[in-house]
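Enquirer: Provided herewith is a single structure, encoded as structure tokens, for subsequent inquiry.
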Amino acid sequence: MQSTPVPTNYQWTVALQRTLGTDIVTELAYVGNHGKDLNFAVDINQVPESKLGPNDLGDKPYPLFNQIGGCGIGCGSTNNALSNYNALQAQITKRMTYGLEFNVNYTWSHFLSDQDSSGWANREGFQNYQNAFNPADNYSNSNFDIRNMFKGQAIYQLPVGHGRMFLNNNRVLDLLVGGWQTAGTFVVQGGNPVSITTGNNNSSNNQSGSYTQFANLVGNYHLPGGTKSRLKEWYNLNALAVPAPFTYGDFRRNIVYGPGLSVVNFSLGKSFDIWRERGVQLQIRGDATNVLNHASFGQPGNNAIGQGQSAQITSTTIGGRNMQLYARLSF
């Protein structure tokens, strides 16, 4: 009986912090993670790569069976995959003083893996593989690898009106200009990788159940231009070719990256003291998601060759500007 190892995960962090005055903290950190003996969801009855050919079905490890998988077609696990994550994180945080608080942070990271299996019943993301006997052939950028992230949030309270620094004793002025507060968040980050397949399978093995094999790289897959100019062809289709019969493709998983994401959200509100002595207050606020109405696009098609050939981008990841106005009475 084969002994299945238990997946193991190691994590480590080194961080430096420094205060600036009494309100601001800066932090610089390195975060690392290494996983071993992870799930490698494969068909453990593949024909070995060295024996692939036109009449190779008898060369399966267990020739009396078709596919052998622990949770359905092509879904066994040899528990010999690994992952590596390294990140440099920097942030600056200001606590609420003088009506202002904010946090701005930046992360550069690189996440590598043989395959991404975040949960056995509902594994997340693209699960393609070619060689069930060598996870290292699949070692590349993780489905979740986002190289750069820049995020932040801020809240600012106008320093006028009741309880504030200026104009705090005039009820008329407080009604007009007091109690206003603004808040905003932003996210700017790179895109996720996408694996390019051939749209068919010309080897004897049915990799990943219904999935198809990787292509061969025969040119430069990069295309010049910005995001909008590349929506109809995100990567160079002419740089990819179908592998020779009974061979595997050499263009590894998750080499091509899709578009990044950029969104800014904003809110503006004001509080009215309806009955100050009893703490009755009315708040009116307007919120806007994607306030700049900036388009962030989805992933390109990944069938580079054959039927269904496409490198187009036809979707967005964030909807257009959405605004709402609401009121809340608290007492």
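Bear in mind these aren't lab numbers, they're just calculated from the coordinates by the rules spelled out. Given the structure is predicted, the values throughout are model-derived calculations rather than measurements. Cβ sites come from the backbone with ideal geometry, for glycine too, and all protein chains shown count toward neighbours.
Enquirer: Just how large is the dipole of the chain about the Cα centre, in debye to the nearest 20, putting +1 at every Lys and Arg Cβ and -1 at every Asp and Glu Cβ?
Expert: 1240
Enquirer: I'd like the chymotrypsin sites (Phe, Trp or Tyr not before Pro) in the range 24-72 restricted to DSSP loop residues with at most 13 other Cβ atoms within 10 Å, sorted by number.
Expert: PHE65
Enquirer: Could you tell me how far the Cα centroid of the range 90-104 sits from the Cα centroid of the range 227-242, in Å?
Expert: When both Cα centres are located, 42 Å separates them.
Enquirer: On the Cα set of the chain, report Rg and Dmax in Å, please.
Expert: Cα radius of gyration and Dmax of the chain are 27.2, 92 Å respectively.
Enquirer: Quick one: Debye curve from the alpha-carbon atoms of the range 242-331 only, equal weights, vacuum; give me log10 I(q)/I(0) at q = 0.11, 0.15, 0.19 Å⁻¹ to two decimals.
Expert: Evaluating at q = 0.11, 0.15, 0.19 Å⁻¹ gives log10 I(q)/I(0) of -0.58, -0.77, -0.94.
Enquirer: In the P(r) worked out for the range 1-46, what percent of Cα pairs fall beyond 17 Å?
Expert: In whole percent, the share of Cα-Cα pairs in the range 1-46 beyond 17 Å is 62.
Enquirer: Using the Cα centre of the chain as origin and beta-carbon charges of +1 (Lys, Arg) and -1 (Asp, Glu), tell me which of GLY319, THR4, LEU16 is placed farthest towards the positive end of the dipole.
Expert: GLY319
Enquirer: Also: Determine the gain in length on full extension of the stretch ILE284-MET165; use 0.36 nm per residue of separation and subtract their C-alpha separation, reporting nm with one decimal.
Expert: Length difference between fully extended and current span is 40.7 nm.
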